[in-house]
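> Dropping a structure here in structure tokens format, bear with me for questions.
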Amino acid sequence: MTVVQTFADFGAELTASSLPGDVAYHAKRAVIDWYAALLPGAVAAPAKLMEQALVDDLDRGRARLALGRPATARAAALVNGTAAHTVEVDDIYREAIYHPGAPTIAAALAVGQERGCSGAQFLKAVVAGYEISTRIGAAMGRTHYRYWHNTGTVGTFGAAAAASSLYQLDATRFAHALATCATFAAGLQQAFRSDSMSKPLHAGRAAEGGLLAAQLAGAGVTGSLDVVDGEAGIGRAMSDGPDWTAATQTLGTKFHINSMTFKNHACCGHTFAPIDGALALQRRMGVTPAQIAHIRIATYGPALEVAGNPAPSTAAEARFSIPYVVATALVHGSVRLSAFEPLRLDDPATRALMERISLEIDPELDKRFPGQRAARVVIETRDGRKEEFFQPTRKGDPEQPLSDDELGEKFIELASPVLGSDGARSLLKRLWELDSATSIADLVP
């Protein structure tokens, strides 16, 4: 069997079974985190601009945009997938260098609303998408991440698997959905190494492409079943020939959705270990930004490649700038959405501290990527003190997870400006009860 067929057999079997209790619980956490990312992104560009561009696909259909506007399933997946990746607070599967929630849950919600599926069916679809796509992403590895944006490429498989589950495709058609979506997979890293709206669009297009692949497979359209592991398949074309046997080894016995990273800062995940380490060292030394003469940050190579911008001028660039987010954390105490508002971007104290930050690659930490995201931070003060702090992981990683209460606080913080406090708390309660919901057709605020 090809790897596509192995994944499809798993997905079809999962559709017909019940989720283990711990897996259903972690799936609900993933959905809650997704909504926390979706809602602030839904009222910002590019999602609001997309509503103008996609007017022919809106105000009809059974799916819904984030705030309830009717849409066709494909349009809802495209817009919601984009919105969920816009403000950089969506989840991460570390080993795959990938944000599975934005594309996978967007596709699952669109199909689930279209078909009036139950909460339990919806959660199974989410799990199918996460388990299949994270294994593909982890197998494609660091080589793939050199040029490609995994959320756009690997995310297409997550969306296709989730949609195939809810369309209740048999194993054969499920496999053809995965095979077809492989040829839709795209998303270039260069698109977010300067100011643009392209990065969140990658997640939206992955959601739409995966959903379309499932629709086509349901209608009988076939794909090349060896498109992932064949001689000219995605594994060789976009990576260095992954070990697909290892990728499928724990399928159905170890669930990756139980080991997600939920973001604790509103910026690129590569910046988190430097932020956490700098804040910890600041507390330990008891220093103010004005007392700091120099900060040296050493971390893994891709963090500097993606988030090493020394002089960001826009919010999009600032989210991918270790000097900016570390400086703003030390000056203001945190890196939340407010860190990227115009007045904060030009804050003199933050900009002055940025000038005193230097970045370098730590060869040992670089070897541990992507399985470990660590940083070494050194602070030197104007009065001659010098201390170092090693940050071995990130707050929100599986080793230091957000508790349910912390996840709920994140949700309320991000959702309340959009829905109001009462609306946010009401939606959060409904999401925690998803596994008993008879229908998700009205799962909008």
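The values are calculated or read from the model by the stated rules, or taken from the named source; none is laboratory data. This one's a predicted model, so the numbers in the text were calculated from it and none came from an experiment. All Cβ positions, glycine included, derive from the backbone under ideal geometry; neighbour counts span all protein chains shown. Heads up: the accessible areas ignore ligands, DNA and RNA and are worked out on the full protein's heavy atoms, side chains in. Shrake-Rupley method; radii C 1.70, N 1.55, O 1.52, S 1.80 Å.
> Can you pull a Stokes-Einstein diffusion coefficient for region 244-292 at 4 °C (1.567 mPa s), Rh from Kirkwood over Cα pairs, as a whole number of µm²/s?
Working: Rh = 14.3 Å.
Value of D from the Cα-based Kirkwood radius: 90 µm²/s.
> Here's another thing I want to ask about it. In region 204-259, what percent of the accessible surface is made up of carbon and sulfur (1.4 Å probe, ligands and nucleic acids excluded)? The partial results should precede the final answer.
Details: 1200 of 2630 Å².
Its accessible area is 46 percent carbon and sulfur atoms.
> In addition: Run down the lysines and flag those whose C-alpha is under 21 Å from the C-alpha of Lys263, throwing out any fewer than 8 positions away in its chain.
Here the lysines satisfying the reach criterion relative to Lys263 are Lys28, Lys199, Lys395, Lys410, Lys429.
> Sort the following peptides by mean Cβ neighbour count (other Cβ atoms within 10 Å, averaged over residues), highest first: 76-87, 161-172.
Details: 76-87: 30.8, 161-172: 25.7.
Ranking the peptides 76-87, 161-172 by packing returns 76-87, 161-172.
> While we're here: So how tilted is helix 198-218 from the main axis of the chain? Cα-based, degrees 0 to 90, rounded to 10.
Long axis of 198-218 versus the principal axis of the chain: about 10 degrees.
> Moving on. Pairing the Cα long axis of helix 119-145 with the longest principal axis of the chain, what angle in degrees results, from 0 to 90 and rounded to the nearest 10?
60 degrees
> Whole number in Å², please: accessible area per residue of region 86-188, 1.4 Å probe, ligands, DNA and RNA not counted. If you can, show how the numbers build up before the last one.
Details: 2140 Å² over 103 residues.
With all protein chains present, region 86-188 gives 21 Å² per residue.
> Send over the semi-axes of region 52-181's equivalent ellipsoid, whole angstrom and largest first, taken as the square roots of 5 times the C-alpha gyration tensor eigenvalues. Show your work: numbers first, answer last.
Details: eigenvalues 112, 64, 30 Å².
Taking √(5λ) for each eigenvalue gives 24, 18, 12 Å, largest first.
> Right, another one. Keeping all protein chains in place and using 1.4 angstrom, which order do Phe255, Phe184 fall into by accessible surface area, from largest down? Let's see the in-between values first.
Numbers: Phe255 30, Phe184 80 Å².
Per-residue accessible area, sorted high to low, gives Phe184, Phe255.
> Take the solvent-accessible surface of the protein heavy atoms, probe 1.4 Å, and return the percent of it on region 1-151 that carbon and sulfur atoms account for.
Values: 2160 of 4290 Å².
Here carbon and sulfur together make up 50 percent of the probe-accessible area.
> Still on this structure: I'd like the antiparallel share, as a percent to the nearest 5, of DSSP beta bridges with both residues in the chain. Display every interim value, and only then the final one.
Numbers: 20 of 25 bridges.
Taking every DSSP beta bridge with both residues in the chain, the antiparallel ones total about 80 percent.
> Another one. Which whole-Hz couplings ³J(HN,Hα) result when phi for each residue of region 99-115 is put into the Karplus expression 6.51 cos²θ - 1.76 cosθ + 1.60, θ = phi - 60°, listed in order with x for Gly and Pro?
The phi angles translate into 9, x, x, 3, x, 5, 6, 4, 5, 4, 5, 4, 5, x, 6, 4, 9 Hz.
> Take each of the peptides 374-385, 282-293, average the number of other beta-carbon atoms within 10 Å over its residues, and list them starting from the highest.
Working: 374-385: 17.5, 282-293: 14.4.
The peptides rank, most packed first, as 374-385, 282-293.
> With only alpha-carbon atoms in the gyration tensor, what are the semi-axes of the equivalent ellipsoid for region 288-404, in Å, largest first? Please report the intermediate quantities before stating the final value.
Numbers: eigenvalues 97, 69, 43 Å².
Values for region 288-404, descending: 22, 19, 15 Å.
> Roughly speaking, to the nearest percent, how much of region 330-403's 1.4 Å accessible area is carbon and sulfur? Please list the in-between numbers first.
Details: 1950 of 3790 Å².
Carbon and sulfur: 52 percent of the exposed surface of region 330-403.
> Using square roots of five times the C-alpha gyration tensor eigenvalues, list the equivalent-ellipsoid semi-axes of the chain in whole Å, biggest first.
Numbers: eigenvalues 262, 116, 72 Å².
They are 36, 24, 19 Å, listed from largest to smallest.
> If the label point is 7 Å along Cα→Cβ of Ser358, which residues in region 284-303 have backbone nitrogen under 18 Å from it?
Residues 292-301 fall inside that zone.
> Moving on. Distance in nm between label sites at Ser436 and Thr288, each 7 Å beyond Cα in the beta-carbon direction?
Taking the two extended label points, one gets 5.3 nm.
> Another question, if that's okay. When ranked by the protection proxy of mean other Cβ atoms within 10 Å per residue, highest first, what sequence do the peptides 395-405, 321-331 form? Mind showing how you got there, number by number?
On the way: 395-405: 15.5, 321-331: 25.9.
Top to bottom by mean Cβ count within 10 Å: 321-331, 395-405.
> How large is the direction-averaged shadow of the alpha-carbon convex hull of region 7-62, in nm²? Show your work: numbers first, answer last.
Details: hull surface 25.0 nm².
The number I arrive at for region 7-62 is 6.3 nm².
> Hey, what angle do you get for helix 150-166 against the long axis of the chain, alpha-carbon based, 0 to 90 degrees rounded to 10?
40 degrees
> Enter the Cα centre distance for the pair region 262-339 and region 18-45, rounded to the nearest angstrom.
26 Å
> Rounded to the nearest 500, what is the 222 nm mean residue ellipticity of the chain from helices alone, with -39500 (n - 2.57) per DSSP H run of 4+ residues and division by all residues? Display every interim value, and only then the final one.
Numbers: 20 runs with 235 residues, N = 445.
Roughly -16500 deg cm²/dmol at 222 nm, from the helical runs in the chain.
> What's the long-distance tail for region 1-120, i.e. % of Cα pairs beyond 21 Å?
On the way: 3123 of 7140 pairs.
Summing the P(r) of region 1-120 above 21 Å gives 44 percent of all pairs.
> I've got another one for you. Please work out the FRET efficiency for the pair Glu305 and Thr245, using the Cβ-Cβ distance as r and a Förster radius of 41 Å; give the result to the nearest 0.05. Show your work: numbers first, answer last.
Details: r = 30 Å, r/R0 = 0.73.
That gives a FRET efficiency of 0.85.
> Turning to a different aspect of this structure: Around Asp170, which amide H atoms from residues at least 5 apart in sequence, or from another chain, sit under 5 Å from its own amide H, with H modelled in the peptide plane?
It is none; the list stays empty.
> Find the accessible area per residue for region 309-445; the probe is 1.4 Å, ligands and nucleic acids are left out, and the unit is Å². Numbers along the way, then the final one.
On the way: 6440 Å² over 137 residues.
For region 309-445, the per-residue accessible area is 47 Å².
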